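Here's the structure, in structure tokens; my notes come after.
The values are calculated or read from the model by the stated rules, or taken from the named source; none is laboratory data. Worth saying up front: this structure is predicted, and the values here are computed from it rather than measured. All Cβ positions, glycine included, derive from the backbone under ideal geometry; neighbour counts span all protein chains shown. Surface accessibility is based on the protein's heavy atoms, side chains included, excluding ligands, DNA and RNA. Shrake-Rupley method; radii C 1.70, N 1.55, O 1.52, S 1.80 Å.
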Amino acid sequence: MKSIISVAVLLLGFIGYAYSQQTKLVEEYTFMFYNTENLYDTANDSLKLDDEFTPEGMRRWNNGRLYRKANRIAKVILAAGEWEAPAFVGLCEIEDREVLEKLTSQTPLSKYRYKIIHKDSPDPRGIDVALIYRPELFKPFDYKTITLKDTSTISFSSRDILQVSGVLNNWDTLHVFVNHWPSRYGGVMETMHYRKLAAEVLGRSIREMFVKYPRAKIICMGDFNDTPEDESLSGVLKAVRINHPEVKGEMVNLSVSWMTQPVQTIKSLYTWQVFDQWIVSDYLMENAIGLNLISAEIFSAPFLLEADVKYGGVKPKRTYVGFKHQEGFSDHLPILLKCSMSN
């Protein structure tokens, strides 16, 4: 009888151990990108075109409005992560480190102790890109900013591209590029050259990464101000629509299918467009040991949308309608990338 009991105990122990090991084999992570639409501080910087986002400016931007905006951005990040806050979040249209510190330490995000990677860029409006990350999940070991320079237009300046390399959960290495490419302000055709320039710069940095890390798992996120089928992304960057397993080292645009969805990432008059995108190296799609892709999606929670009385349907609920302040979020919808870790 004792031997039977012993065998049963051992068997139960083995089952418990196997189950615990199985639950550790796969862990899911959410990554996020969000264009926050003008997350400015309240101070007037004489070197930036930020006058309208001051207490005396046209938008009457003050500390109360800044804190409410930061709390709303935090709400979006936490809601997108559902049960687990995103491991890291790429952000654009943030003015400086001060607003990032307010976002990470003076809102409900403070619970997760997000750290900040940011550097002021030469953008005339003073808006930058940044990455916030949970240090217990993602450990950066290298980062730099990449400046866009146009030798034919000396006066040109734009947001830097932020490049960050780090280890996810002490297991797999990721290389992340956060982008906010030059806008279409002034005309799509007239500004196309600048987005092609950004694509060339990003493409060169990706190739350099592959030389240093031949099977690099690369994640490019951002507001590209172009759609997946525009020349900057499909032609210059060569971001393909689908992965070709026989071709190694491709960059795959995971956002192409969004272009047929009724709600996309930004709306102009009647038309939705996909400007915010995920572009990843094919090594993230191999279902091999380490980090692997689950899905890429637009986070279009109902609270982020409002009725579009003028043009029909719905639209993103912005912080301002014209110069009228409302309890909104951004003119862009955030995007999510979900991955699993297997060993």
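Structure data summary
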| quantity | calculated |
| --- | --- |
| Kirkwood-based shape ratio for the range 177-282, expressed as Rg/Rh from alpha carbons | 0.98 |
| Angstrom value of the Kirkwood radius, inverse mean 1/r, which spans all Cα pairs in the range 105-259 | 16.9 |
| For a label point 7 Å along the Cα-to-beta-carbon line of residue 171, residues of the range 304-343 with backbone N under 14 Å | 339-343 |
| For the chain: accessible area per residue (Å², 1.4 Å) | 48 |
| Distance (nanometres) between label positions extended 7 Å along Cα→Cβ at residue 308 and residue 248 | 4.5 |
| Sorted peptide list for 210-216, 311-317, criterion being average Cβ within 10 angstrom, highest first | 311-317, 210-216 |
| Sequence-distant lysines (8 or more away, or on other chains) whose Cα lies within less than 21 Å of residue 317 | 69, 75, 267 |
| 0 to 90° range, to nearest 10: angle between helix 2-25 axis and the chain longest Cα axis | 20 |
| Label zone at residue 152 (point 7 Å along Cα-to-Cβ), backbone N below 18 Å, the range 171-212 | 182-202 |
| Extension reserve of the residue 215-residue 43 stretch, reckoned as 0.36 nm per residue once the Cα distance is removed | 57.4 nm |
| Sulfur and carbon atoms: percent of accessible area, the chain [1.4 Å] | 56 |
| Entries of 119/315; 102/212; 102/139; 115/196 with Cα pairs more than 26 Å apart | 119/315; 102/212; 115/196 |
